[in-house]
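Undergrad: Below is one structure. I have some questions about it.
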């Protein structure tokens, strides 16, 4: 499995990054986290007015590692329409395998 921690300075930014990763097969694990990176107290004279907080949002993501397996559907037909006799379509299965293999090789 692959793990990744995604961070952003805003909740909306984190949501956008998570949605993008989910389209690539990543899934969130647990809940998001928010930490205060820096706090600054603001004053007017000696009167405390407010505090500015710089935050960071994070989310752990996980993705299954790609398997090097090509799945091919089993193809068969019934000989003379007899439901008890299956004849496997080896040529059709071979063509599906070769098509998927070529597609896999072209994408890597």
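Derivation of every value follows stated rules applied to the coordinates shown; laboratory data play no part. From a predicted model like this one, the values you see are computed outputs, not experimental measurements. No Cβ is skipped: glycine too gets one built from the backbone with ideal geometry, and neighbour counts run over all protein chains shown.
Undergrad: Pick from 24, 89, 80 the residue whose mean-square fluctuation is largest in a GNM of the chain, springs joining Cα atoms under 10 Å.
TA: Maximum among the listed residues: 80.
Undergrad: So, one more: With each label point set 7 Å from Cα along the Cα-Cβ vector, what nm distance links residue 51 and residue 76?
TA: Output for this residue pair reads 7.1 nm.
Undergrad: Can you compute the equivalent ellipsoid semi-axes for the range 2-63, i.e. the square root of 5 times each eigenvalue of the Cα gyration tensor, sorted largest first and rounded to whole Å?
TA: Equivalent ellipsoid of the range 2-63: 34, 10, 7 Å, largest first.
Undergrad: What percentage of all Cα-Cα pairs in the range 65-105 are separated by more than 13 Å?
TA: That tail contains 60 percent of the Cα-Cα pairs.
Undergrad: Counting only helical runs of four or more DSSP H residues, what would the 222 nm mean residue ellipticity of the chain come to if each run contributes -39,500 (n - 2.57) and the total is spread over all its residues?
TA: Numbers: 2 runs with 30 residues, N = 108.
One gets -9000 deg cm²/dmol as the mean residue ellipticity at 222 nm.
Undergrad: Place a point 7 Å from Cα of residue 68 in the direction of its Cβ. Which residues in the range 19-45 have their backbone N less than 16 Å from it?
TA: none
Undergrad: Starting from the Kirkwood Rh over alpha-carbon pairs, what translational D in µm² s⁻¹ does the chain have by Stokes-Einstein at 10 °C and 1.306 mPa s?
TA: Estimated diffusion coefficient is 82 µm²/s.
Undergrad: May I ask for the angle, rounded to the nearest 10°, between helix 90-107 and the longest principal axis of the chain, with both axes built from Cα atoms and the value confined to 0 to 90°?
TA: Compared with the principal axis, the helix lies near 30 degrees.
Undergrad: If you don't mind, there's one more thing I want to ask. For the chain, find the longest principal axis of its Cα atoms and tell me its angle to the long axis of helix 11-22, 0 to 90°, nearest 10.
TA: Long axis of 11-22 versus the principal axis of the chain: about 10 degrees.
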